[in-house]
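Okay, structure first, notes after.
The values are calculated or read from the model by the stated rules, or taken from the named source; none is laboratory data. The shown structure was predicted, so the numbers you read here are calculated from the model rather than taken from an experiment. Cβ atoms come from the backbone with ideal geometry, glycine included; neighbour counts cover every protein chain shown. With ligands, DNA and RNA removed, areas are computed over all heavy atoms of the protein, side chains included. Shrake-Rupley method; radii C 1.70, N 1.55, O 1.52, S 1.80 Å.
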Amino acid sequence: MTNKKVNNHLMIDGCDTIELVRKYGTPLYVISQKKIEYKCKEIRNEFLAKYDNTKALYASKAFLTMSMCKIIEKEGLGLDVVSGGELYTALRADFPREKILFHGNNKSYEELYMAIENKIGRIVVDNLYELELIEKISNKLDEKINILYRVTPGINSDTHKYIITGQKDSKFGIPLEKSVLFHAVEKAIESKRVKLKGFHFHLGSQLFDNSYYIKATDIVINLMRELKERLGYVTKELNTGGGYGISHIKDDNKVSLKYFIKPLMERINQKINEYNLSMPQVMIEPGRWIIAEAGITLYTIGNIKKISGVRTYIAVDGGMTDNLRSSLYGAKYNGDIANKIDDKKVNLVTVAGKCCESGDILIEDLMVPNINPGDILAIYNTGAYNFSMANNYNRNLRPSVVLVKNGKAQIMVERQTYEDLLIGEKLPGIVNCKECSPSKIKGVL
Ligand SMILES: Cc1ncc(COP(=O)(O)O)c(C=O)c1O
């Protein structure tokens, strides 16, 4: 699905981006519901319908709001959450609890309490300290809970070091050393409060090579074989994580879901048969792959700074506050001038944010037509890890999120106001602040 163009304007899901800017202002996240639905349909066709006993979850860290929970529920997927805040959002959206799976390498007592008290489907246990907390809470609540163990298969996948997770030197998961892992499995088997359903691995994010999944599968199915032989333990579920890459720029590979799923499922079947094991339920949990391409961010261009013989900066009214990925790990994006979408591209520019960091650069080299302050820049494929990583650095306001479908736009999240920035702030007795009243400040949002 590509974004269409009408009257020299960029369109998204039937909506004119310039009309959206007029109505909702900039910076603005725009999310296409149709694109999310299209991706979920591909998951149903290429995974759930093709293979028996499979489950797909959406990794909500990529982008989560209550309305996103509703879309995911409607599309028939489960939800992976990774914090009390994500869990709370899912519960408030009334997401089916049995379809929620809880990740995290350092879940707190309170977070685990919320999960167990609300009877969610699975907790993916990262370490034995967490198992102890779960036992304590389950005893107190007189509950039982299904768990998976997250294991680190020791695979160095080819992505930025900040988003690799499956390597041996990782803060996530239980190492695959037999003394550690077998002990953990024995403890779970002995427990009266947890039911160990199986294992989970996640190798990293923005991966383009399916061979990593195959390697990890071999390792984990070998582990399943050893556990059966040595402890008589039968693995019922195997969660293979997310991480499928999407193309942010022209040079990125374009890979389909099938490219990951088909060889993965073939290998699982082959190894399960070879070792004479029973087939576990196989799960996937992509985040970026579902939501990244559904999102664009719209900005108003302000200052245009030409440095002779060096480069031209175009500054926009957002930056690392609404898209942290560029400055955090050099993520690359592509964009267009949304109100001059058909104009010939004749200038090479660098897109700078408005934050007080020289590293606040959204796109290093972008070809654009002749532009002026006030033109609208659209950056593509910003649906994943942009809104969810948004922050208030420099006390910039978080943009609003608009959901579009078939020419209709609706607010998903309101733009923050300056008053929102002060929520939770107190004035301790050391200062006398009778003057701190919004009514005395002119021109605020
Ligand atoms: C455990 C786990 N599952 C799934 C994901 C989703 O990854 P992606 O958005 O790359 O699909 C992540 C991302 O960090 C993760 O840590």
Selection count where residues are outside any helix (DSSP H, G or I), open to solvent by 10 Å² or more (accessible area, probe 1.4 Å) and at negative phi, scope the stretch 203-230: 4
Some residue of the stretch 168-180 being modelled with pLDDT of 90 or more and more than 14 Å from the ligand (Cβ to nearest atom): no
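Sort through Gly242, Gly302 and tell me the only one that's within 16 Å of the ligand (Cβ to nearest atom) and either on the phi < 0 side of the Ramachandran plot or not in a helix (DSSP H, G or I) (or both). First the steps, then the outcome.
Values: Gly302 fails: within 16 Å of the ligand (Cβ to nearest atom).
From the options Gly242, Gly302, the qualifying one is Gly242.
For the stretch 352-365: of the residues being of a type in the set (D, E, K, R) and surrounded by 17 or more Cβ atoms within 10 Å (Cβ to Cβ), which is farthest from the chain's Cα centre (by Cα)?
Step one: of the stretch 352-365, the residues of a type in the set (D, E, K, R) are 354, 357, 360, 364-365.
Then keep just the ones that are surrounded by 17 or more Cβ atoms within 10 Å (Cβ to Cβ); that gives 354, 360.
Working: Lys354: 25, Asp360: 21 Å.
Here the residue is Lys354.
For the stretch 359-380, what are the residues that are assigned to a loop (DSSP other than H, G, I, E, B) and out of contact with any Lys or Arg (no Cβ under 9 Å at 6 or more places or on another chain)?
Kept after step one, since they are assigned to a loop (DSSP other than H, G, I, E, B), are these residues of the stretch 359-380: 359-360, 369-375, 380.
Once the filter is applied, which keeps residues that are assigned to a loop (DSSP other than H, G, I, E, B) and out of contact with any Lys or Arg (no Cβ under 9 Å at 6 or more places or on another chain), the stretch 359-380 yields Gly359, Asn372, Pro373, Gly374, Tyr380.
Mind checking which residues of the stretch 374-411 are under 20 Å from Ser83 (Cβ atoms), of a type in the set (A, V, I, L, M, F, W, C) and open to solvent by 30 Å² or more (accessible area, probe 1.4 Å)? Spell out the reasoning first.
Residues of the stretch 374-411 under 20 Å from Ser83 (Cβ atoms): 383-392, 398, 401.
Checking which are of a type in the set (A, V, I, L, M, F, W, C) leaves us with 384, 387, 389-390, 401.
Selection gives Met389 alone.
Considering only helices (runs of 4 or more DSSP H) fully contained in the stretch 16-92, which possess at least 2 residues that are open to solvent by less than 50 Å² (accessible area, probe 1.4 Å) and in contact with a His (Cβ under 8 Å, 6 or more places away or on another chain)? Steps first, please.
Numbers: elements: 17-24, 33-43, 66-74, 84-92.
Passing ranges, in order: 17-24.
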Single residue of the stretch 93-111 satisfying the filter (within 16 Å of the ligand (Cβ to nearest atom) and basic (Lys, Arg)) that is most open to solvent (accessible area, probe 1.4 Å): Lys99
Residues of the stretch 271-299 classified as of a type outside the set (Gly, Ala, Ser) and within 16 Å of the ligand (Cβ to nearest atom), total: 10
Near pairs, Cβ below 6 angstrom, 6+ apart or cross-chain, from the stretch 181-208 (more than 20 Å from His103 (Cβ to Cβ) and assigned by TED's automatic domain parsing to the domain that holds Tyr58) to any residue that is within 16 Å of the ligand (Cβ to nearest atom) and among the polar types (S, T, N, Q): Phe208/Asn253
Filtered residue count, the stretch 1-52, keeping only those that are within 24 Å of the chain's Cα centre (by Cα), more than 30 Å from Tyr259 (Cβ to Cβ) and of a type in the set (A, V, I, L, M): 1
Those residues of the stretch 231-255 which are within 25 Å of Ala378 (Cα to Cα), open to solvent by 30 Å² or more (accessible area, probe 1.4 Å) and either of a type outside the set (A, V, I, L, M) or without any contact (Cβ under 8 Å) to a residue 40 or more places away in the chain (or both), in sequence order: Lys250, Asp251, Asp252, Asn253, Lys254
Positions within the stretch 342-351 being of a type outside the set (Asp, Glu) and surrounded by fewer than 21 Cβ atoms within 10 Å (Cβ to Cβ), in sequence order: Lys344, Lys345, Val346, Asn347, Leu348, Thr350
The stretch 184-202: number of residues that are crowded, with 18+ Cβ neighbours inside 10 Å, part of a loop (DSSP other than H, G, I, E, B) and more than 23 Å from the chain's Cα centre (by Cα): 1
Any hit, the stretch 305-315, residues being open to solvent by less than 70 Å² (accessible area, probe 1.4 Å) and under 22 Å from Leu397 (Cα atoms): yes
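Criterion first (outside the structural domain of Cys69 (by TED's automatic domain parsing), open to solvent by less than 50 Å² (accessible area, probe 1.4 Å), at pLDDT 95 or above and closer than 17 Å to Ser247 by Cβ) does Asp322 satisfy it? Outline the logic, then answer.
On the way: outside the structural domain of Cys69 (by TED's automatic domain parsing): yes; open to solvent by less than 50 Å² (accessible area, probe 1.4 Å): yes; at pLDDT 95 or above: yes; closer than 17 Å to Ser247 by Cβ: no.
So Asp322 fails the test.
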Within the stretch 123-138, tally of residues that are part of a strand (DSSP E or B) and open to solvent by 10 Å² or more (accessible area, probe 1.4 Å): 0
